[in-house]
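Let me give you the structure first, and then I'll get to my questions.
Every read-out reported here was derived from the displayed coordinates using simple, explicitly stated rules and does not represent laboratory data. The structure displayed is predicted, hence computed values, not measured ones. Here the Cβ positions follow ideal geometry from the backbone for every residue, glycine too, while neighbour counts run over all protein chains shown.
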Amino acid sequence: MAWEHEVVAFNTATESTNRMHDDAVAATFGFRGGLVPGVDVWAYLTRPCVDRWGAGFLAGGTMEARFLVPVYDGERVVCRLDDDGTLSATGPDGTVRAQGRAGMDDPPPIADLGTADVPDPVPPAEAELLAPGTVLGTLRFHHRAGPAAQYLADVREDSDVYEGGAVAHPGFLARQANYVLSSSVRLGPWIHVSTRAHHRSAVHDGELVEVRGVVTDEREHKGHRFVDLDVEITADGRPAWSAAHTAIWRPRQDRA
């Protein structure tokens, strides 16, 4: 058996500070348009998982995905979860845009990542500021159903499991892994590469969310500069979501 979710992709980030989502800037890196954020493709991929496991996925599910080929605004994407846990997102041309796995697996132990202040002003990103062991600035905010409802509309999500925004969407949590990085260093155009996440409990309206991050690796590969993060999210002090998150923080500019 397979669970499928079809969605018309929407670029939510045309006004983002990450100009890789802007058509003109993305073209200078060899792309044919602004990229739909990887965390939004992640959001699309979570739907067949929720269809299969229901609200339990938000409290105990594991999911990983690697983003292979960009998704562009207006493309019709089919997200599929097979019975063996294989997960994929396929574009209208048949190209697999993302692939991974999902399941109801036991998560690893919680790691104490430590806390740090968000820098003010935020310094330009440099390899020295992303050295392994660097604790990123801790984010704190209350989850609110109102803005969350708009988020659900943006990622074309209509599942009742989110109670109109009262329960946080996994894609919203994945966005925080981007924000904990971009709040600590000022990035140019950059690309989300992959995430492996563990859901530990659902996040509800009014709860205080805390996002911690630490750099686990920074490296060069084929002209790109990569960064790996460990991220932990709590809600009212309760473990909610954790992830290993990888991005190209400085892409080479000779793709075309």
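Tell me, what ³J(HN,Hα) does each residue in the range 25-42 have, in order and in whole Hz, if you take phi through Karplus 6.51 cos²θ - 1.76 cosθ + 1.60 with θ = phi - 60° and put x for Gly and Pro?
Running phi through 6.51 cos²θ - 1.76 cosθ + 1.60 with θ = phi - 60° gives 5, 4, 4, 5, 9, x, 8, 8, x, x, 7, 5, x, x, 5, 7, 4, 4 Hz.
Considering all projection directions equally, how large on average is the shadow of the alpha-carbon convex hull of the range 119-183, in square nanometres? Display every interim value, and only then the final one.
Working: hull surface 22.5 nm².
Mean orientational projected area (the range 119-183, Cα hull): 5.6 nm².
How would you order 176-184, 99-107 from highest to lowest mean count of nearby Cβ atoms within 10 Å?
Numbers: 176-184: 22.6, 99-107: 16.3.
Result, highest mean Cβ count within 10 Å first: 176-184, 99-107.
Pull up all non-local amide H partners of ASP236: gap of 5 or more, or a different chain, and H-to-H distance under 5 Å with H placed in the peptide plane.
LEU208, VAL209, GLU210
May I ask you to evaluate 6.51 cos²θ - 1.76 cosθ + 1.60, the Karplus curve with θ = phi - 60°, for each residue of the range 60-74 and list the ³J(HN,Hα) values in order in whole Hz, giving x for glycine and proline?
Values, residue by residue: x, x, 10, 8, 9, 8, 10, 9, 8, 9, x, 9, 10, 3, x Hz.
Using only DSSP helix segments of four residues or longer, with each worth -39500 (n - 2.57), what per-residue ellipticity at 222 nm results for the chain after dividing by its residue count and rounding to 500?
Numbers: 5 runs with 48 residues, N = 256.
That calculation yields -5500 deg cm²/dmol at 222 nm.
What is the dipole size for the chain, taken about its Cα centre, with +1 at each Lys and Arg Cβ and -1 at each Asp and Glu Cβ, in debye to the nearest 20? Before the final figure, lay out each step's value.
On the way: 24 positive and 37 negative charges, 117 e Å.
That gives the chain a dipole magnitude of about 560 debye.
Something else about it: Out of every Cα-Cα pair in the range 165-233, what percent are more than 17 Å apart? Spell out each step's value before the answer.
Details: 1095 of 2346 pairs.
Every Cα pair in the range 165-233 considered, those over 17 Å come to 47 percent.
Here's a follow-up. Please list 224-235, 199-210 highest first by mean number of surrounding beta-carbon atoms within 10 Å per residue. Can you show the working numbers first?
Details: 224-235: 21.4, 199-210: 18.8.
Those peptides, ordered most packed to least, come out 224-235, 199-210.
Of the listed peptides 119-129, 154-164, 72-82, 23-33, what is their order by residue-averaged count of other C-beta atoms within 10 Å, with the highest listed first?
Ranking, from highest mean packing down: 72-82, 154-164, 23-33, 119-129.
What are the residues whose amide H is under 5 Å from the amide H of GLY61, where those residues sit 5 or more places off or on another chain and H is modelled from the backbone?
HIS199
Collect residues whose amide H, placed 1.01 Å from N in the peptide plane, falls under 5 Å from the amide H of HIS224; neighbours closer than 5 in sequence don't count.
Amide H neighbours of HIS224: ARG252.
What dipole magnitude, in Debye to the nearest 20, does the range 8-69 give about its Cα centre under +1 on Lys/Arg Cβ and -1 on Asp/Glu Cβ? Numbers along the way, then the final one.
Working: 5 positive and 6 negative charges, 35 e Å.
In debye, rounded to 20, the range 8-69 gives about 160.
Moving on. Quick one: Karplus J couplings for the range 175-188, per residue in order, coefficients 6.51, -1.76, 1.60, θ = phi - 60°, nearest Hz, x for Gly and Pro?
For the range 175-188, the Karplus-derived couplings read 4, 5, 5, 5, 5, 5, 6, 6, 7, 9, 9, 7, 9, x Hz, x marking Gly and Pro.
For the range 65-102 and the range 212-237, what is the separation of their Cα centres, given in Å?
23
At 4 °C and a viscosity of 1.567 mPa s, what translational diffusion coefficient does Stokes-Einstein give for the chain, taking Rh as the Kirkwood radius over Cα pairs? Give it in µm²/s as a whole number. Please report the intermediate quantities before stating the final value.
Numbers: Rh = 18.3 Å.
Here the translational diffusion coefficient equals 71 µm²/s.
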